[in-house]
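Working notes, beginning with the structure itself.
Rule-based calculations on the coordinates, nothing more; no lab input. Model, not experiment: these values are computed from the prediction. Quick reminder, even Gly has a Cβ in these numbers, built from the backbone with ideal geometry, and neighbours come from all protein chains shown.
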Amino acid sequence: MAKRSTKSESKRDRFKRLAQLRTNHVMKRLKILANCADRSRYEYTKEDVERIFMAIDRRLNKTKARFDLPSDREQFKL
């Protein structure tokens, strides 16, 4: 992949490029995780699966919140 100049790339274009790249990476990794569901190769319990998806759900919710909530960099004012 060619290196792009961040000076000539708008914030919107940079967001679109990186969000697409990173989202596709997450999707690929989830597909790879799904391979662990093969009971002929792996042994796991329902509790194992619940713990995996609880951890994923927690991280997903934290990530979504960062898009919805105002920045933590705001300063307190009276």
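Below is a table of values for the structure above.
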{"quantity": "Single unsatisfied condition, VAL49 versus (1) over 12 Å from the mean Cα position of the chain (by Cα); (2) of a type outside the set (Gly, Ala, Ser); (3) exposed (fewer than 10 other Cβ atoms within 10 Å of the Cβ)", "calculated": "(3)"}
{"quantity": "Some residue of the range 31-42 being touching a helix residue (DSSP H, G or I) at 6+ places or on another chain (Cβ under 7 Å) and not in a helix (DSSP H, G or I)", "calculated": "yes"}
